[in-house]
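Inspection log for the structure reproduced underneath, given as structure tokens.
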């Protein structure tokens, strides 16, 4: 009678016939993609982030004509900043989706099955990161272009008016999508670190929105420099054609934001490897 033998490539008979499937990177990616797209709240969340970016951009752009300071907080009154002002809300939605993409598995207990099926825990982290980042990047890239075109058409303010052909504008528009997708990855890292939706979302909001306000209260140049290096302020530098007061340059800011994200991902990888489900 044939007996079963477990191998790294699947379950095989001693005759050599494979009766199971190997756990490959492609199959892990596909599994995470199924988890992401089959949850209705995730689909609604991505749609909500895109809608928020477009709608708020249109509102900011339409009211900018009445006041030179109109528009989203912390931005200039030019057509680009007004059109992309909805990122303040959209980033939080994407970040929360990243958190829930991880913590929902812990709360339901599904993470045990995932860890049992995939021997490399780092592979799980990479797959979740790749799937969420790619999806968020695509959705937010389309939304950013639509928000800019619609906002630009509605803008009648006193600031500069840009077109996609102007130097740095396409980089700023697509950079908005890159930043939003990066916030989603940030959410994944926090989810694995804290394994609590409430805790991870709270820390995300603190780092992106609360910390800049608190650091702004620090007097002198020390507070200014710390503020520039915070993840939200650094990442949003890529969204401007010119360097804004109190911000890093576009590519420097993106580099600093990337360091933040990769640092938290590295910490999440260590935590995932050392802790039980």
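A short reminder: the numbers here are calculations on the coordinates, not readings from a lab. Everything numeric here is computed off the predicted structure, so don't read it as measured data. A quick note on method: Cβ atoms are made from the backbone with ideal geometry, for glycine too, and the neighbour counts reach across all protein chains shown.
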Roughly what angle does helix 25-37 make with the longest principal axis of the chain, taking Cα atoms, 0 to 90 degrees, to the nearest 10?
-> 60 degrees
Could you give me the percent of Cα pairs per 5 Å distance bin for the chain, shortest bin first, beginning at zero and ending with the bin that holds the maximum distance?
-> 1, 6, 12, 15, 16, 14, 11, 8, 6, 4, 3, 2, 1, 1, 0, 0, 0
Please give the helix 87-108 orientation as an angle from the longest Cα principal axis of the chain, in degrees from 0 to 90, rounded to the nearest 10.
-> 20 degrees
Relative to the chain, whose Cα atoms define the longest principal axis, helix 220-229 and its Cα axis are tilted in degrees, nearest 10, by 50 degrees
Mind checking which of 184, 98, 157 has the largest fluctuation in a GNM of the chain, springs on alpha carbons under 10 Å?
-> 157
How would you order 226-238, 209-221 from highest to lowest mean count of nearby Cβ atoms within 10 Å?
-> 226-238, 209-221
Considering the chain as a Gaussian network with a 10 Å cut-off on Cα pairs, which listed residue, 187, 151, 246, attains the greatest mean-square fluctuation?
-> 246
Using only C-alpha atoms and all pairs of different ones, pull out the Kirkwood radius for segment 131-254 in Å with one decimal.
-> 15.9 Å
Rounded to the nearest 500, what is the 222 nm mean residue ellipticity of the chain from helices alone, with -39500 (n - 2.57) per DSSP H run of 4+ residues and division by all residues?
-> -22000 deg cm²/dmol
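Note down the relative contact order for segment 26-274 as a percent, whole number, built from C-alpha pairs under 8 angstrom at least six residues apart. Walk me through the numbers before you get to the answer.
Values: 419 pairs, mean separation 56.4, N = 249.
The value is 23 percent.
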